[in-house]
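S.K.: Attaching a single structure in structure tokens format; questions to follow.
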Amino acid sequence: ILLRPRRTWDTISLPGGSKSLKKLLIDRKIPAAQRDAIPVVADDAGVLGVYGIGVDTRRMANTLPAVQLHFIKKK
């Protein structure tokens, strides 16, 4: 599991459907200068989740226990 910036072909599936991270961040009006600083949690198969956006619904745990990651924004 990696914590990394977004990559060109990253996509995420959310309850509203699947979308590229590029389009999703544009739709959410995140300034271009800040987009590459948003942490992406991924593995070899692709995106698991994105900070401030959510977890990929295709990759969510079906059973418990599951691993939870908590991000804390420092000021």
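S.K.: Tell me, yes or no, whether the range 10-17 has at least one residue that is assigned to a loop (DSSP other than H, G, I, E, B) and open to solvent by less than 100 Å² (accessible area, probe 1.4 Å).
M.R.: Scanning the range 10-17 turns up at least one residue that is assigned to a loop (DSSP other than H, G, I, E, B) and open to solvent by less than 100 Å² (accessible area, probe 1.4 Å).
S.K.: Taking the range 40-58 only, how many residues are open to solvent by 50 Å² or more (accessible area, probe 1.4 Å), hydrophobic (A, V, I, L, M, F, W, C) and within 12 Å of the chain's Cα centre (by Cα)?
M.R.: Adding up the residues that qualify gives 1.
S.K.: Can you go through 37, 61 and tell me which one is open to solvent by less than 70 Å² (accessible area, probe 1.4 Å) and in a loop (DSSP other than H, G, I, E, B)? Reasoning before the result, please.
M.R.: Details: 37 fails: open to solvent by less than 70 Å² (accessible area, probe 1.4 Å).
Unique residue meeting the criteria: 61.
S.K.: A further question follows. Take the conditions surrounded by 15 or more Cβ atoms within 10 Å (Cβ to Cβ) and either under 20 Å from residue 71 (Cβ atoms) or among the charged types (D, E, K, R) (or both) and apply them to residue 1. Does it pass?
M.R.: Numbers: surrounded by 15 or more Cβ atoms within 10 Å (Cβ to Cβ): no; either under 20 Å from residue 71 (Cβ atoms) or among the charged types (D, E, K, R) (or both): yes.
No, not satisfied.
The values are calculated or read from the model by the stated rules, or taken from the named source; none is laboratory data. Just so it is clear, the structure is predicted and the values come from calculations on it, not from any experiment. Heads up, the Cβs are rebuilt from the backbone with ideal geometry, glycines too, and the neighbour counts pull from every protein chain shown. Each accessible area value is taken on the protein alone, full model and side chains, heavy atoms only, with ligands, DNA and RNA left out. Shrake-Rupley method; radii C 1.70, N 1.55, O 1.52, S 1.80 Å.
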